[in-house]
Every structure is written in C-alpha cells, then in structure tokens.
Amino acid sequence: MKVAVLGAGAIGAYVGAALHRAGADVHLVARGPHLAAMRQHGVQVRSPRGDFTARAHATDDPSGIGPVDYVFLGLKANSYAACGPLIEPLLHSSTAVIAAQNGIPWWYFHRHGGPHDGQRVESVDPGGAVSAVLAPRRAIGCVVYAATELKGPGVVRHLEGTRFSIGEPDRSVSDRCLAFSQAMQAGGLKCPVEPELRSDIWIKLLGNISFNPISALSRATMRQMCLHGGTRRVIEIMMTETLAVAGALGCRPDISVERRLAGAERVGDHRTSTLQDLERGKPLELDVLLAAVVELAEITGVPVPTLRTVHAISDLLADRMRSAA
C-alpha cells in the first residue's frame, strides 16, 4: 500500500508514522523546519501509549512521489481548492482521498440519495472549486477523534484518542475502506468503517460549530465556556439548532446536547483549534463549521437564529484577520 500524507502536520504526521510502522510505503509532504527535522530524525511520536520514531520518506515535492493508492489530507479545508498542483502528481485512476477535516465536507451530498443528492454546498465548495481538484468519487470520509500537537519540528505529541472513523459517501463497506482500516489498525490506531459516517460528522460538528467560534470570540477554554452560565446556554441553543438541521437531512445522531456538553467540560482548559489559529494569526476555518450549516438550514427551511448571529459576528472577525494578513 502506497500512501501520501499531504499536509503532514500534527495529525497527518501521526497517521503517517502509524502507517509506516505497519509496513505501508508512506510519503510525508511538508515544508520548512518541520520537513527538515522529519528528514533528519524521522517523525518522533511522544504518546502515553508509548513513544516511537518512524523514518518515512519526507519531501516538499509530490512530483517525486508519483501516483499512490491513498492520499491522506492533513490540510485545512480552506486550503483544498488551491491544492491542485500538490495533489495532481499523486493521483492515478483509482487513488482514494481521505480528508481528515472537521465540519461539513465538500462531498456531503455525493451519492447521498433523496432530494438533495449531488447538490453542492456552496460554503465549502464555492463554484465547485474544491470538487474540481478533489473529485467526490475519490473521497473517503474521515472523522478524527484523536488529539495531537506539534511540540517542535518533527515531534508529534499524542494527547488522547486513537480513533479515525472512515466511510464511503454511498454508505457501502468498500474494499478500499477495509484495506485502509486494516493498515491503520496494524499501526496501532482504531479505524472503524462506518456506513453512516454522516452521523459521526454531525456528532463531532456539535462541538466544533459552537465551541470553536465562541472560543475565538471570547478567548476562552473549553472548561471556561462550559462553566459560564450565559455562554453555556448559547452553546446549548447552537447545538439544538444544529441537531434540527441534521434531522431535516435525515440524520439523527445518537447523542444528547447534555452528553456532548459533559464531554467537553471533561476536556478541561483546552484551547480549540480555532482559538489557536486566531492566536497564531492563521485563517479561521469557520466556513465548513458554521457557514455550511447555516446554508443547509436555508436549504431545509430550519430556523437557526442563534447560529446565524454567531456566524455573522465570527465572520466579521475572520474578515478582519484576512484584511490584516
């Protein structure tokens, strides 16, 4: 099995290291000091489950890798439309693309069935720009339940969780999913093949759609947002509205708002990825988390006044950051 990890940051390098340990032919695409460190010392994983080093091939030039069986996308979703020159050299006729993204994916309605089958979600695929680069037929969905961070160039700290749920847009249990799942498990990770992966997408989105923008607006940690009465209530309403949109699309995740909040509170003083991006001056990945659900609410006719309000304010913040960049 030949795998390229495009965007071998904290999550991508962690997956690549696990697959390399399982015997896969892994190629990590990165840049800068992180790339230099991986070339010299390999990917150094620091984990409560045991430290290890994986000396996979690392490069900044995908054309030197050639076509692969799987591309694992570790890029931010707002980089997908521009990644054509990087991903094209990695593709052959049956290359699968596994996108480890939060929020609503560009392929969401691909082979969905029902009245919205094949519909484009403009917020995440504006004018079809992402689909033109990443053909939906190549997509294998992936919901990440692992937490990692880069402690330094080439050093990945694994904090918790090892589950990477994957699934086909058409809900089939395909050979390509099973093969990737087996390789991930051989590398020490959990990788169930979920026919109803969209339920996993909405379960994770419940937290991302609420905690991420609120954290950027308030500069608060997960625990602080949960313990503040007013903010907790806003988050409860946002989650309830999100579940209503999911239900209107025929997806009813098996989780309650109370359980989702309790889980978030247990995380403690963790800063969301959006807050970390804000602090580092990076673009905020809010279109796939919040704008997309507001768009889906319009499509389905579900009222989401709180989501709309938070989206309007956080979108202004994102615009100001883009202007300052």
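Brief remarks follow.
- Test: residue in region 29-42 that is of a type in the set (S, T, N, Q), in contact (Cβ under 8 Å) with a residue 60 or more places away in the chain and either open to solvent by less than 30 Å² (accessible area, probe 1.4 Å) or not in a helix (DSSP H, G or I) (or both): no
- Residue match in region 109-131 (condition: modelled with pLDDT of 95 or more, surrounded by 14 or more Cβ atoms within 10 Å (Cβ to Cβ) and in contact with a strand residue (DSSP E or B) (Cβ under 9 Å, 6 or more places away or on another chain)): yes
- Near pairs, Cβ below 8 angstrom, 6+ apart or cross-chain, from region 53-77 (over 14 Å from Asp25 (Cα atoms)) to any residue that is surrounded by 22 or more Cβ atoms within 10 Å (Cβ to Cβ) and polar (S, T, N, Q): Leu73/Gln101; Lys76/Gln101; Ala77/Gln101
- Some residue of region 46-58 being at pLDDT 95 or above and under 30 Å from Gly128 (Cα atoms): no
- Screening Thr148 on (1) open to solvent by less than 20 Å² (accessible area, probe 1.4 Å); (2) outside any helix (DSSP H, G or I); (3) polar (S, T, N, Q) shows it passes everything except condition (1).
- So Leu19, is it surrounded by 22 or more Cβ atoms within 10 Å (Cβ to Cβ), outside any helix (DSSP H, G or I) and at pLDDT 95 or above: no
- Subset of region 162-201 (residues that are free of Cβ contacts under 8 Å to residues at least 60 places away in the same chain, assigned to a loop (DSSP other than H, G, I, E, B) and β-branched (Val, Ile, Thr)): Val173
- Qualifying residue in region 133-146 (condition: in contact with a Gly (Cβ under 8 Å, 6 or more places away or on another chain) and within 22 Å of Ser63 (Cα to Cα)): yes
- Candidate set from region 89-104 (those that are assigned to a loop (DSSP other than H, G, I, E, B) and touching a helix residue (DSSP H, G or I) at 6+ places or on another chain (Cβ under 7 Å)); member that is nearest to Ala179 (Cα to Cα): Thr95
- Take the conditions (1) part of a helix (DSSP H, G or I); (2) without any contact (Cβ under 8 Å) to a residue 12 or more places away in the chain; Leu86 misses just one of them, which is (2).
- Verdict on Ser218 being open to solvent by 20 Å² or more (accessible area, probe 1.4 Å), over 30 Å from Lys2 (Cβ atoms), of a type in the set (Ser, Thr, Tyr) and in contact (Cβ under 8 Å) with a residue 40 or more places away in the chain: no
- Being under 19 Å from the mean Cα position of the chain (by Cα), touching a residue at least 24 places away in the same chain (Cβ under 8 Å) and assigned to a strand (DSSP E or B) is true of Ile140.
- Residue selected from region 275-325 under the condition part of a loop (DSSP other than H, G, I, E, B) and within 29 Å of His116 (Cβ to Cβ), by the criterion most open to solvent (accessible area, probe 1.4 Å): Pro303
- Selection from region 180-201 of residues that are among the aliphatic types (A, V, I, L, M) and open to solvent by 40 Å² or more (accessible area, probe 1.4 Å): Ala186
The values are calculated or read from the model by the stated rules, or taken from the named source; none is laboratory data. Source: prediction; values computed, not measured. We place every Cβ from the backbone using ideal geometry, glycine too, and count neighbours over all the protein chains shown. Quick note on the areas: whole protein, heavy atoms, side chains included, nothing else; ligands and nucleic acids left out. Shrake-Rupley method; radii C 1.70, N 1.55, O 1.52, S 1.80 Å.
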